[in-house]
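Following: one structure in structure tokens, then a few remarks.
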There are 2 protein chains.
Amino acid sequence: MDMLVQHLQAALEQKNEAPLYQVLADTFASFINSGELEEGLKLPTSRSLASSIGIHRNTVNKVYEELNNRGLVKSVVGSGTFVNAPQKLREPPALQGTSAIPWNSLVSSIATAEPLTRYHRLNRYVGEGDYINLSRMHPSNELIPSELIRKCTDTVIRENGPAVFGYGSAQGLAELRQLISVELHRAGIPADKDSIIITTGSQQALDLVARLLCNPGDTILMEEHSYTGAINAFTSIGATIRPMPCDEDGPLLSALESVQPGSAKALYLMPSCSNPTGRTISLERRKELLEWSTRKGVPIIEDDYGADLDDESSPRAIRGLDANIIYLGTFSKKLAPALRVGFIISPVDLVSRLISLKQAMDLGTSLLQQYVLAEFIKRGYLRSHLRKIQPVYHNRRMKLAETLEKHLPAETRLRVPDSGVLLWLQLPAGLNSEDLFREALDYGVLVSPGSFHSVSPLASSGIRLTFCAEDETRLEEGGINLCKAIESLLHRAQSFTNTNRSAPLDGV
Amino acid sequence: MDMLVQHLQAALEQKNEAPLYQVLADTFASFINSGELEEGLKLPTSRSLASSIGIHRNTVNKVYEELNNRGLVKSVVGSGTFVNAPQKLREPPALQGTSAIPWNSLVSSIATAEPLTRYHRLNRYVGEGDYINLSRMHPSNELIPSELIRKCTDTVIRENGPAVFGYGSAQGLAELRQLISVELHRAGIPADKDSIIITTGSQQALDLVARLLCNPGDTILMEEHSYTGAINAFTSIGATIRPMPCDEDGPLLSALESVQPGSAKALYLMPSCSNPTGRTISLERRKELLEWSTRKGVPIIEDDYGADLDDESSPRAIRGLDANIIYLGTFSKKLAPALRVGFIISPVDLVSRLISLKQAMDLGTSLLQQYVLAEFIKRGYLRSHLRKIQPVYHNRRMKLAETLEKHLPAETRLRVPDSGVLLWLQLPAGLNSEDLFREALDYGVLVSPGSFHSVSPLASSGIRLTFCAEDETRLEEGGINLCKAIESLLHRAQSFTNTNRSAPLDGV
């Protein structure tokens, strides 16, 4: 016990940011867990321990309360506080080693589909170092209002207690759906709360819609380069993805005309800031696409993941023009991915089926996170936050574009859209996007190769760049280093071609 | 402005639990939002406003800071604080009314499968009233340690800031997997952190495993009554569920012998406290099932949702005997559903494919919630919490069982297992579980009809009862009322049979 008192005093002197009682409880706990204070030992009264180590008695009481919460002491009324040492670990038995289960023949065909393996294939090249991240599409740390989210969480739990910790409805918290409805109204998208279904991020919204619409073998229309998560979701349900030819303003009407009614389950689109190419479809083309959809009976799935990330320069969402659009939204990009809250605005006819499927998939999105987000929106924090990040993203786009335009070799072509969070870099014919991905890693830069976002499992010569995750200084540095990587790759490709003209570049 | 000061003073007098600055900020905000304080209006200095309403200047500064967070005021250095009124709503256009999209022909066959509609079919009978809930399997409010979770959340966000708000790895937070590994070790289940995959509740774990193993049309073996969420998950992937005959100790080996190698993808089991019947399989039968699985090459999916809810009376998990078991765990029942954290212990051969599928489904479980749970376990709160709830559940089981045994009509048969959180009530032949479900609602009691958990879409004469959600007093009251409902239904059925012997009971 004397040893403990000495350690507690030492802990007091080294005290850091954590509350005093936590620091002392940690020291105390390590003595109990190591067995130095044995089971059943009576602890000194708080008064006596307080005077031994020279702190207030109330603090010792808080330490004992914390130890009680951790199950390390037990109070017995009228006799005092006793050590309640943890049980010793029971050693698990040695397990049978070799497998009699033929796993390879048991795995489903979707689980082995090529698109699902892309992430792993690329990610294993990425080391632990400090890369300048031109790939990651979520906000950099200084743009995540963690302190405000903490406050909202604290209020929500204090005011509601255990009620926010149960299962919610599979459709989602009504109050949150109502608040989202008002936000959508503000953006010119009419959607009442009954047509909104809350999902665990918009990735799950995609998975949900894929399962709602597709039997294995059904066809989904997409652009040739599209969101890898959408490719995965439709692949996971066994759908066939048919790429549609596009111009700079989205899918070509002439190509869509050849689609027979009943031959495709939907057209999947990101009308604003398409991932990965960054192109935004004009209002006129949006109206033409809508007319095509209505005439052919092929619905449009509108993924508006980047909504509100720039000012009002984007055309109105297609869902703002027609109530039969399946619209997907998310708070991952405009607020914080870890909330895992996205949503679907559903055509009336599909709502109850989407809810049943959502129930089957995860019983509903975290009620706590939904309450926290509702509090965040209700207080007006969201709108204020968006007004803060919009100019930051605008300036970053300008900085990255300027840097690249200054340093890029003439053989490349850069597309800088007026809005959104993506730039698209077209490499010279013959240069492979995954080769550049690996080369850029050596220059300390992370980029997203077009092959990762390609509907066809073909090599792609495009690179997706984003500026979400880095500040202007690092964007400039990253842009310069990326250009060096491209020069280096070009140089190697040219000298290779000069010495061995018959071999394909992919063999380099 | 004078009006505002009066309202602020009035708010001061009616002050409730919320912090002072929040109350004042709310009042202030309503003045700005309503337009009573117009755009650009200069606000009084904090010193002057503080003296007008008689509070400390620091509080007024906090009010202004909060209004700034909400985006309702703007500070201009050297000139003061100004109202920054919110933009007016832009009216969305009227939307096209009627649908040209043939939704019914577009919906997938799984989305219309019968099991997925059960929840809705039953739930529409349930009104808003205060039912005694013998159906809900999550902890009652007094058993959810919301204050401790709040503390952990607060610490985690304060100490890590924005870092906990990003996307995590699809496999899950390594620290949390390590902590779960230690907890499993304690329960005699060896599992290193690399074999663990974190999921959004164990419902998603089921969905994930179903997609990993099943092509549409593949066969999954289950008991005749099984977890409705498992039935949904396998239905959603288009699998065929084949019910296995059982005795009181689980699936019959004689029946399993007829399963040909390669003809089934897995046997899904809840060895401890099977949902809905409550039966726990003996250690001997567990070993026989394992031997069968190894010999036939048909894997076992072990759903251990109720682990740690009672003391050590259950036999060791089958995953404690063999590393080829696919094991599913969850923190929804033992801690709080809204954390939405479950996990899979995967055989080595399946880990990377499960991670790829998980990535495709939702990009990973909320990083924040994983950090919070890790903190909760690390502090020792979880073990202490479990020691607290185990005797409570034990006493509730006794109370509900005693009450029912005293009041049940002789025609029924009640099964009270030694462990777990479920009782199973067998109604007399001819009584339908959904009829009793509806009758019990009239008596203010919610129960879960066997038909909800039945693999075959047949009427069931069993009722699942749980005591998780109610205290002993309400359990007694609920038990008595349930018995009255059964008497009433029996009475009606008998008088109906007496007057019209030829009609089936289902027609009542």
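The values are calculated or read from the model by the stated rules, or taken from the named source; none is laboratory data. No experiment lies behind these values; they were computed from the predicted model shown. With ideal geometry, Cβ positions are generated from the backbone for all residues, glycine too; neighbour counts draw on all protein chains shown. Ligands, DNA and RNA are excluded from the accessible area calculation, which covers all protein heavy atoms including side chains. Shrake-Rupley method; radii C 1.70, N 1.55, O 1.52, S 1.80 Å.
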Practice prompt. Output the number of residues of the range A:228-255 satisfying the condition of being open to solvent by less than 30 Å² (accessible area, probe 1.4 Å) and of a type in the set (S, T, N, Q).
Written response: 4
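Given the criteria surrounded by fewer than 20 Cβ atoms within 10 Å (Cβ to Cβ), basic (K, R) and within 14 Å of another protein chain (Cβ to nearest Cβ), does A:R295 qualify?
Working: surrounded by fewer than 20 Cβ atoms within 10 Å (Cβ to Cβ): yes; basic (K, R): yes; within 14 Å of another protein chain (Cβ to nearest Cβ): yes.
The answer is yes for A:R295.
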Item to complete: Kindly establish whether A:D249 is farther than 14 Å from A:P115 by Cβ and charged (D, E, K, R).
Response: yes
Practice prompt. Please list, ordered by first then second residue, the pairs with beta carbon atoms under 6 Å, 6 or more apart or interchain, first in the range A:281-296 and more than 18 Å from A:E248 (Cβ to Cβ), second in a helix (DSSP H, G or I).
Written response: A:L290/A:I318; A:W292/A:L256
Worksheet item: In this structure, does B:G380 turn out to be among the small types (G, A, S) and surrounded by 21 or more Cβ atoms within 10 Å (Cβ to Cβ)?
Response: no
Item to complete: Take the range A:123-134 and flag every residue that is modelled with pLDDT under 90 and within 18 Å of the chain's Cα centre (by Cα).
Response: A:N123
Worksheet item: Assuming B:N275 fulfils every condition listed in (1) modelled with pLDDT under 95; (2) part of a loop (DSSP other than H, G, I, E, B); (3) under 27 Å from the mean Cα position of the chain (by Cα) apart from one, which condition is it?
Response: (1)
Worksheet item: If you go through the range A:228-250 one residue at a time, do you hit one that is within 12 Å of chain B (Cβ to nearest Cβ), in contact with a His (Cβ under 7 Å, 6 or more places away or on another chain) and among the hydroxyl-bearing types (S, T, Y)?
Response: yes
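Condition check: open to solvent by less than 30 Å² (accessible area, probe 1.4 Å), outside any loop (DSSP other than H, G, I, E, B) and at pLDDT below 95. Does A:S451 satisfy that?
On the way: open to solvent by less than 30 Å² (accessible area, probe 1.4 Å): yes; outside any loop (DSSP other than H, G, I, E, B): yes; at pLDDT below 95: yes.
In short, yes.
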Item to complete: Residues being open to solvent by 70 Å² or more (accessible area, probe 1.4 Å) and within 7 Å of another protein chain (Cβ to nearest Cβ): count how many of those fall in the range B:113-130.
Response: 2
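Please find, among B:A174, B:A233, B:A210, B:A187, the residue that is closer than 30 Å to B:R379 by Cα and without any contact (Cβ under 8 Å) to a residue 40 or more places away in the chain. Give the steps one after another, and end with the answer.
Values: B:A233 fails: closer than 30 Å to B:R379 by Cα; B:A210 fails: closer than 30 Å to B:R379 by Cα; B:A187 fails: without any contact (Cβ under 8 Å) to a residue 40 or more places away in the chain.
Within the list B:A174, B:A233, B:A210, B:A187, the selection yields B:A174.
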Response to the item:
The correct count of residues that are open to solvent by less than 10 Å² (accessible area, probe 1.4 Å) and at the interface with chain B (Cβ under 7 Å from one of its Cβ atoms) in the range A:190-213 is 8
Discussion item. As an exercise: evaluate A:E470 against (1) open to solvent by 10 Å² or more (accessible area, probe 1.4 Å); (2) part of a helix (DSSP H, G or I); (3) at pLDDT 95 or above and give the number of the one condition it does not meet.
Written reply: (2)
Discussion item. Please go through the range A:27-77 and give me each residue that is without any contact (Cβ under 8 Å) to a residue 40 or more places away in the chain, part of a loop (DSSP other than H, G, I, E, B) and open to solvent by less than 90 Å² (accessible area, probe 1.4 Å), ordered by number.
Written reply: A:S34, A:T45, A:G71
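Starting from residues that are under 19 Å from A:T277 (Cα atoms) and open to solvent by 20 Å² or more (accessible area, probe 1.4 Å), keep the ones in the range A:216-227 and report whichever is nearest to the other protein chains (Cβ to nearest Cβ).
Residues of the range A:216-227 that are under 19 Å from A:T277 (Cα atoms), as a first pass: A:221-227.
Okay, now just the ones that are also open to solvent by 20 Å² or more (accessible area, probe 1.4 Å), so A:224-225, A:227.
Working: A:E224: 20, A:H225: 18, A:Y227: 12 Å.
Applying the filter and picking the extreme gives A:Y227.
Which count do you get for residues in the range B:344-359 that are open to solvent by less than 10 Å² (accessible area, probe 1.4 Å) and of a type in the set (A, V, I, L, M, F, W, C)? Break it down stepwise before answering.
Step one: filter the range B:344-359 for residues open to solvent by less than 10 Å² (accessible area, probe 1.4 Å), giving B:344-347, B:350, B:354, B:357-358.
Checking the rest, the ones that are also of a type in the set (A, V, I, L, M, F, W, C) come to B:344-345, B:350, B:354, B:357.
Residues in the range B:344-359 being open to solvent by less than 10 Å² (accessible area, probe 1.4 Å) and of a type in the set (A, V, I, L, M, F, W, C): 5 in total.
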Worksheet item: Given A:G217, A:G201, A:G161, which one is within 22 Å of A:L116 (Cα to Cα) and without any contact (Cβ under 8 Å) to a residue 40 or more places away in the chain?
Response: A:G217
Discussion item. Quick test of your reading of the structure: B:K265 fulfils all but one of (1) within 21 Å of B:R415 (Cα to Cα); (2) buried (at least 24 other Cβ atoms within 10 Å of the Cβ). Name the failing condition by number.
Written reply: (1)
Worksheet item: Among the residues of the range B:177-189, which ones are touching a helix residue (DSSP H, G or I) at 6+ places or on another chain (Cβ under 9 Å), open to solvent by 30 Å² or more (accessible area, probe 1.4 Å) and either within 12 Å of another protein chain (Cβ to nearest Cβ) or not hydrophobic (A, V, I, L, M, F, W, C) (or both)?
Response: B:Q178, B:V182, B:E183, B:R186, B:A187
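Tell me the residue from B:D303, B:D308 that is acidic (D, E) and out of contact with any strand residue (DSSP E or B) (no Cβ under 8 Å at 6 or more places or on another chain), please.
Numbers: B:D303 fails: out of contact with any strand residue (DSSP E or B) (no Cβ under 8 Å at 6 or more places or on another chain).
Result: B:D308 is the single residue among B:D303, B:D308 that is acidic (D, E) and out of contact with any strand residue (DSSP E or B) (no Cβ under 8 Å at 6 or more places or on another chain).
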